[in-house]
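**Student:** Take a look at this one; I'll ask things after.
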Amino acid sequence: MRACGVCHTEIDEIEGRVSPARLPIVPGHQAVGVVDAVGEGTVARSIGDRVGVGWVFDSCGCCRYCRRGRENLCAAFRATGRDVDGGYAECLVVPEASTYPIPDRFDDVTAAPLLCAGGVGYRSLRLAGIENGQVLGFFGFGASAHIVLQMARHRYPDSSLFVVTRNNSKRVLASRLGADWAGSPDDQPPALMDALIDTTPVWRAVVDGMRMLAPGGRLVINAIGKTDVDKAVLTRIDYRTHLWMEKQLTTVANVTRKDIRNALRIAAEIPIAPVVETHTLAEANRALTDVKEGRREGARVLVVS
């Protein structure tokens, strides 16, 4: 594979919050490369095609979830880079159905973050269920949120977009990409939000986010897990402040193939230009540490020779 996006999923695997089916495992769950060989029965891909691979490796294909296009909920769901070897390698073997043609508009490095950060971000935006003119917020502003904000700005031109993040440089980036307001978790947004997408690994965002929702609002947690560090804040939940008035809380679980296809299509139509910093494979540990500690903006991509 030629390019592989880096995000919190690899960090969670390394720290044990997500248990790989086997060890050792080659990480990497959003990768771009060229088809070098095809197996018997392959019909949609040919040698030389430029394709991407996302978090979805395969599922059973026959359960009630798979039959409804919700393979993300399948009990047999297998993830690239977690259950099977992923994109940190020079070569990757993957089912044909889990490959995606890369629009010509994007080079390999730009396309890589769209395959997971973009795909799961698109899913979270869809689950948010907002209408044009409503207020949409983002808690955290990393690889996924900075892509989804650009999608939302395009799809909901009359909506107000708010970003809540502790990182000042990310607040600056959010404003540059179209946010109407960007502040810290201690600030009060200009208005209550009709929907809020949380991409952070901490519990505080859930509690603060529910407080910032308008009546009937929805909080979508787009995260692989929450750390125990801030779990004590859950004891401060007040029913009338955080939960009353028919507020909703939902989560994003994995991603579907359709989500990835739609994310690539919409990103090409807008077009979206992910903010990307590249690294060699030898620099992977430093890139992961930077992501974990929130250094710099946008997405990190490994260029694998």
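**Student:** What number of lysine-lysine pairs in the chain show an alpha-carbon separation below 23 angstrom, given a sequence spacing of 8 or more or placement on distinct chains?
**Tutor:** Close lysine pairs found across the chain: 6.
**Student:** Continuing with this model, one more query. Considering only the chain, what is the antiparallel percent among its DSSP beta bridges, to the nearest 5?
**Tutor:** That works out to approximately 35 percent antiparallel.
**Student:** From Cα pairs below 8 angstrom and at least 6 apart in sequence, can you work out the relative contact order of region 119-251, rounded to a whole percent?
**Tutor:** 24 percent
**Student:** Using Cβ contacts closer than 10 Å as the measure, can you line up M151, M193, M245 from fewest to most?
**Tutor:** M245, M151, M193
**Student:** When a footprinting reagent is the concern and you count Cβ atoms within 10 Å, what order do S175, S159, S124, S46 take, fewest first?
**Tutor:** Values: S175 13, S159 19, S124 26, S46 9.
The fewest-first ordering by Cβ neighbours comes to S46, S175, S159, S124.
**Student:** Can you put C4, C66, C91, C60 in order, fewest other beta carbons within 10 Å first?
**Tutor:** Ordered by Cβ neighbours within 10 Å, fewest first: C91, C60, C66, C4.
**Student:** Just to be sure I follow: if Rg is taken over the C-alpha atoms of the chain and Rh is the Kirkwood radius over the same atoms, what is Rg/Rh?
**Tutor:** Dividing the radius of gyration by the Kirkwood radius yields 0.96.
**Student:** Please list log₁₀ I(q)/I(0) at q = 0.11, 0.12, 0.13, 0.14 Å⁻¹ for region 119-251, using the Debye equation with identical point scatterers on the alpha-carbon positions.
**Tutor:** -0.33, -0.39, -0.46, -0.54
**Student:** Given the peptides 272-279, 297-304, arrange them by the average over their residues of other C-beta atoms within 10 Å, most packed first. Walk me through the intermediate numbers first.
**Tutor:** Working: 272-279: 18.0, 297-304: 22.9.
Packing order, densest peptide first, comes out as 297-304, 272-279.
**Student:** Give me the net charge of V38's neighbourhood, meaning all other residues with Cβ under 11 Å from the Cβ of V38; Lys, Arg count +1, Asp, Glu -1.
**Tutor:** In short, -3.
Read-outs throughout are calculated quantities, based only on the coordinates presented, and are distinct from any laboratory measurement. Keep in mind that what you see is a predicted model, and the values were worked out from it rather than measured. Here Cβ is always computed from backbone atoms with ideal geometry, including for glycine, and neighbour counts include all displayed protein chains.
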